[in-house]
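Here is the structure we will look at, set down as structure tokens.
The values are calculated or read from the model by the stated rules, or taken from the named source; none is laboratory data. Bear in mind the structure is a predicted one, so any value in this text is a computation, not a measurement. Cβ placement follows ideal geometry from the backbone for every residue including glycine, while neighbour counts extend to all protein chains displayed. Only protein heavy atoms, including side chains, enter the accessible area calculation; ligands, DNA and RNA are left aside. Shrake-Rupley method; radii C 1.70, N 1.55, O 1.52, S 1.80 Å.
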Amino acid sequence: MIPFLDLKALNARYDKAFKEKFADFLASGWYILGKEVASFEQEFAHFCQAKYAVGVANGLDAIRLLFEAYKMQGKLQVGDEVLVPANTYIASVLAISQAGLKPVFVDANLATMNIDVSAIEVAITPKTKAILVVHLYGQLVAMDTVQAIAQQYNLLVIEDAAQAHGAKSNDYQAGSCADAAAFSFYPTKNLGALADGGIITSNDKGLVTLLKALRNYGQEEKYIAKYQGFNSRLDEVQAALLRIKLPYLNADNAKRLALAKRYSKGITNTLITTPTFATDGSHIFHQYVVRSKHRDALQDYLLKNDIQTIVHYPVPPHKQIAYPTYNALHFPVAEQLAQEVLSLPISPLLTEEEQNYIIAVLNNFKN
Ligand SMILES: Cc1ncc(COP(=O)(O)O)c(C=O)c1O
């Protein structure tokens, strides 16, 4: 069986360094918000070409806390509208609604599967105050277009970069091309921890100071609560392990891009549409997502041939049971994607032989 992603093997590459780090951690006796979190924040901010970073408990909290901070700064109010792509993981939308804001969906572009930037402007109303862009599957959104619209309408721009650690074009990079960005270190991410974890990056010092308090019960000083805060801190052990992995992230991303190019060159079956992407590193292939009108049959067939795949995602947020008020909305491209998308294995450890086998099986698929 070719696994979708062999996390055990991926992390085994760092086995020795992890064990040494954990021994140091045990010896230190310091468990929460210590030197590992502080160092990782600096290193990750530097990696993203951002000034600051704030480690938090997970990617959902990273987005949610950003909205909470902007509300406390008076830049957002309860009930304000936030534009969000209709094709995204549910967490993007949860972060908006949990902060008392209103998600307003913008349909996807069929080729990029990201937000359709040409549809952003028509979704703007007097209540629109922010855009949450999502660099879905690891592909940078066209931020120059988004920023031009945001300037014109005076909107905050927040990146959901949970799938895009290290994605960069010649002009901008995930984590430093908006007012602030949120990342997840869920174990399957291109930079994954061994538990939950997340981080916020920004150049805005005031925002970052506020977020550091918000993640820690609203306290800047111990036992002095300045705000009604949260308990959402990046774990010290996870920060230590992420520090070991970060220097290898660009190499892993390059491996993924090379595999993506091989897939796109090799897959010639007309029943399967390969993704559209720039080859400049602005897509770090968290997922390599093909489309097919016969997606479910294709997935069954691949599994019968010992190839694991995953559907990201079978139900778009506006059709989820959790959001009955949005169920009647219609976003044709996002809905089509939910029917057609299939993510192929694209682990940096996938061998060329394994990939050749996957390509051959795909090319033999018949309806
Ligand atoms: C696009 C997107 N946003 C947000 C999240 C939430 O991150 P987490 O799982 O760390 O809460 C994820 C991943 O799970 C994601 O893929």
Single match in 131, 158, 149 (criterion: in contact with a helix residue (DSSP H, G or I) (Cβ under 7 Å, 6 or more places away or on another chain), over 14 Å from residue 285 (Cα atoms) and within 14 Å of the ligand (Cβ to nearest atom)): 158
Residue in region 178-185 that is open to solvent by less than 30 Å² (accessible area, probe 1.4 Å), of a type outside the set (A, V, I, L, M, F, W, C), in the same structural domain as residue 45 (by TED's automatic domain parsing) and near the ligand (Cβ under 10 Å from one of its atoms) present: yes
Residue ID - farthest from the ligand (Cβ to nearest atom), chosen from residues in region 161-170 that are open to solvent by less than 20 Å² (accessible area, probe 1.4 Å) and not aliphatic (A, V, I, L, M): 166
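Which of the strands (runs of 3 or more DSSP E) found entirely inside region 1-114 contain at least 1 residues meeting this: away from the ligand (no atom under 16 Å from the Cβ) and open to solvent by 30 Å² or more (accessible area, probe 1.4 Å)? Give the derivation first.
Details: elements: 52-56, 81-85, 102-106.
Fully inside region 1-114 and qualifying: 52-56, 102-106.
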Qualifying residue in region 325-338 (condition: touching a His at 6+ places or on another chain (Cβ under 7 Å) and either in the same structural domain as residue 174 (by TED's automatic domain parsing) or closer than 22 Å to residue 355 by Cα (or both)): no
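What number of residues in region 295-326 are over 24 Å from residue 350 (Cα atoms) and of a type in the set (D, E, K, R)?
Restricting attention to region 295-326, the residues satisfying the condition of being over 24 Å from residue 350 (Cα atoms) are 314-326.
Next, only the ones that are of a type in the set (D, E, K, R) stay: 319.
Final tally of qualifying residues: 1.
Quick check on my filter: what residues within region 320-334 are among the β-branched types (Val, Ile, Thr) and open to solvent by less than 40 Å² (accessible area, probe 1.4 Å)? Break it down stepwise before answering.
Filtering region 320-334 down to residues among the β-branched types (Val, Ile, Thr) leaves 321, 325, 333.
Across region 320-334, the qualifying residue is only 333.
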Positions within region 223-247 being assigned to a helix (DSSP H, G or I) and in contact (Cβ under 8 Å) with a residue 12 or more places away in the chain, in sequence order: 236, 237, 238, 239, 240, 241, 242, 243, 244, 245, 246
Check on residue 337, farther than 30 Å from residue 248 by Cβ, surrounded by fewer than 19 Cβ atoms within 10 Å (Cβ to Cβ) and at pLDDT 95 or above: no
Filter result (assigned to a helix (DSSP H, G or I) and either over 21 Å from residue 329 (Cβ atoms) or open to solvent by less than 40 Å² (accessible area, probe 1.4 Å) (or both)) within region 295-319: 295, 296, 297, 298, 299, 300, 301, 302, 303, 304, 317, 318
Region 186-218, residues that are in contact (Cβ under 8 Å) with a residue 40 or more places away in the chain, away from the ligand (no atom under 13 Å from the Cβ) and open to solvent by less than 20 Å² (accessible area, probe 1.4 Å): 201, 202, 207, 208, 210, 211, 214, 215
Whichever residue in region 260-294 is among the charged types (D, E, K, R) and assigned to a loop (DSSP other than H, G, I, E, B) and, among such residues, is modelled with the lowest pLDDT: 280
Residue count for region 342-364, restricted to those that are in contact with a helix residue (DSSP H, G or I) (Cβ under 7 Å, 6 or more places away or on another chain) and free of Cβ contacts under 8 Å to residues at least 40 places away in the same chain: 0
